[in-house]
Amino acid sequence: MKYFIIAGEPSGDMHAAALMKEIKVLDAKAMFVYMGGDLMAEQGGQMIVHYREMAFMGLLPVIMNIGKINRNLKQAKKELLKAKPDVLILIDYPGFNLRMARFAKENNIKTAYYISPKVWAWNTKRATKIKAFVDNMYTILPFETEFYNKYNYNVHYVGNPVCDIINGFKPECLDEKTFKEKHRLNEKPIIAMLAGSRKHEIKSLLPVMEKSARLFPDYQFVVAGAPGIEPEFYRSILNPTTKIVYGKTYELLKYSKAALVTSGTATLETALLKVPQLVCYKMGMGFILQFFRKLILKTPWFSLVNLIAGKEVVKEFFQSEVTLRNLEKELRRITGDEKYRKIMIDEYSKIEQKLKTNGAARNAAQMIVESLKADNK
């Protein structure tokens, strides 16, 4: 069977590649046409556009690249009709992919969505579009089932790929001492700083994270370098003595006492690695977002940890709340209060149990292939 897949950013490339690998196990004659990245290319098939030409996040980058986005959309539609796939598989990336879902529906092409857009957080009206245009939705967060039920739309929870990746994680350095020696760190306990994967996030959050280091002289604060962010960028905003570790985020977390984390998938990764954390969210023009928070944000929390738990497990600091005073206060609790740390780690274990399956990509692939076989009977 033929599969047309669209992944518009690095994380989508990773998850799509895992899905392709599992599809090939179930469908020996699988053919792939895709818009994605290098990890997908390793699985074979025909690449139309690399995600580097598609990954525009934030209002200004989208406006500046609207011409390229429209050209990509036009090309995607043309190639979809040319390929005549058995199914169009969409990976997150809602602005682009929901338009493709509508186009596929108009042309009687079956659609599957793996990893739901976060419509439950910012734009709940998109749920009606998903119901109208997407034949099957395969979700990775358990609370999404209840959310979509409100719209009388049945979705398939397949497990969480982050949970699968961390379950298979094996550190290169088998102990903390070796890790510190390899990365030229001193003997002090580590506090990890995960300031996001996009430059605007890093520029907004890393300086205040780093300032908190001065208040904790018995610890060393180490930055987890994000993929695709050049060292020169970090050095332009960091103290020259601040250490950065690239490509080893999970290992850095494994050997950390605590972590300062930007909201996103990293909060869940930190939780599954059992590291006490505090969560920050801040962006440019943030005073507008702060003022309209209750109108814009449709959930009581914004970190995946709290959303999955259904209660506050980790402290969240939003926009103007991201202050040195607030970070210091919470950091002292998660480093020095053993009872507080234990409660947080115990809640992490409960979250892990909620997410566990025999593999998200495997489950999604099985459901997609079985659905197509049923259609072809």
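Below, the figures for the structure above:
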item	result
Restricting region 25-41 to residues that are within 21 Å of the chain's Cα centre (by Cα) and not hydroxyl-bearing (Ser, Thr, Tyr), the residue that is surrounded by the fewest Cβ atoms within 10 Å (Cβ to Cβ)	Asp38
Hits in region 1-16 (condition: assigned to a helix (DSSP H, G or I), of a type in the set (A, V, I, L, M, F, W, C) and surrounded by fewer than 22 Cβ atoms within 10 Å (Cβ to Cβ))	Met14
Selected residue (only one of Ala192, Ala101, Ala121, Ala127 is more than 30 Å from Val223 (Cβ to Cβ), under 21 Å from the mean Cα position of the chain (by Cα) and either aliphatic (A, V, I, L, M) or part of a loop (DSSP other than H, G, I, E, B) (or both))	Ala127
Matching residues in region 176-189 - criterion: being under 25 Å from Leu278 (Cα atoms) and in a loop (DSSP other than H, G, I, E, B)	His183, Leu185, Asn186, Glu187, Lys188, Pro189
Pairs with Cβ under 9 Å, 6+ apart, first in region 43-54 and assigned by TED's automatic domain parsing to the domain that holds Pro10, second modelled with pLDDT of 95 or more and among the basic types (Lys, Arg)	Gln43/Lys21; Gln43/Lys24; Gly44/Lys24
Condition met for Thr357 (at pLDDT 95 or above, surrounded by 14 or more Cβ atoms within 10 Å (Cβ to Cβ) and either outside any helix (DSSP H, G or I) or out of contact with any Leu (no Cβ under 9 Å at 6 or more places or on another chain) (or both))	no
Flag if Ser197 is polar (S, T, N, Q), surrounded by 17 or more Cβ atoms within 10 Å (Cβ to Cβ) and assigned to a helix (DSSP H, G or I)	no
Matching residues in region 104-118 - criterion: being part of a loop (DSSP other than H, G, I, E, B) and surrounded by fewer than 20 Cβ atoms within 10 Å (Cβ to Cβ)	Asn107, Asn108, Lys110, Lys118
Evaluation of Glu144 against (1) part of a helix (DSSP H, G or I); (2) acidic (Asp, Glu); (3) not assigned by TED's automatic domain parsing to the domain that holds Glu370 (one fails), failing number	(3)
Test: residue in region 224-233 that is at pLDDT 95 or above and among the β-branched types (Val, Ile, Thr)	no
Val158 being closer than 23 Å to Phe302 by Cβ and not basic (Lys, Arg)	no
Candidate set from region 299-312 (those that are in a loop (DSSP other than H, G, I, E, B) and touching a residue at least 40 places away in the same chain (Cβ under 8 Å)); member that is nearest to the chain's Cα centre (by Cα)	Ser303
Residues being under 23 Å from Asp175 (Cα atoms) and touching a helix residue (DSSP H, G or I) at 6+ places or on another chain (Cβ under 9 Å) - total across region 227-255	12
Yes/no for Ala83 being more than 23 Å from Glu22 (Cβ to Cβ) and among the aliphatic types (A, V, I, L, M)	no
Some residue of region 125-142 being among the acidic types (Asp, Glu) and modelled with pLDDT under 95	no
Residues being farther than 12 Å from Val158 by Cβ and touching a residue at least 24 places away in the same chain (Cβ under 8 Å) - total across region 357-375	4
Count - residues of region 311-350 that are modelled with pLDDT under 95, surrounded by 14 or more Cβ atoms within 10 Å (Cβ to Cβ) and over 17 Å from Val208 (Cβ atoms)	0
Residues (surrounded by fewer than 21 Cβ atoms within 10 Å (Cβ to Cβ), on the phi < 0 side of the Ramachandran plot, over 17 Å from the mean Cα position of the chain (by Cα) and not small (Gly, Ala, Ser)) located in region 249-285	Lys254, Lys257, Met283
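One line per residue, one yes/no per condition, for (1) out of contact with any Ser or Thr (no Cβ under 7 Å at 6 or more places or on another chain); (2) not in a strand (DSSP E or B):
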| site | (1), (2) |
| --- | --- |
| Ala213 | yes, yes |
| Asp218 | yes, yes |
| Val222 | yes, no |
| Tyr234 | yes, yes |
| Ala258 | no, no |
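So that you can scan it fast, the table gives a plain yes or no per residue for (1) in contact (Cβ under 8 Å) with a residue 12 or more places away in the chain; (2) over 19 Å from Ala309 (Cβ atoms); (3) out of contact with any Cys (no Cβ under 8 Å at 6 or more places or on another chain):
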position	(1), (2), (3)
Pro117	yes, yes, yes
Thr124	yes, yes, yes
Lys129	yes, yes, yes
Ala132	yes, yes, yes
Thr145	yes, no, yes
Asn149	no, yes, yes
Val158	yes, yes, yes
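The values are calculated or read from the model by the stated rules, or taken from the named source; none is laboratory data. A quick note: this is a predicted structure, and the numbers were derived from the prediction, not measured. Here Cβ is always computed from backbone atoms with ideal geometry, including for glycine, and neighbour counts include all displayed protein chains.
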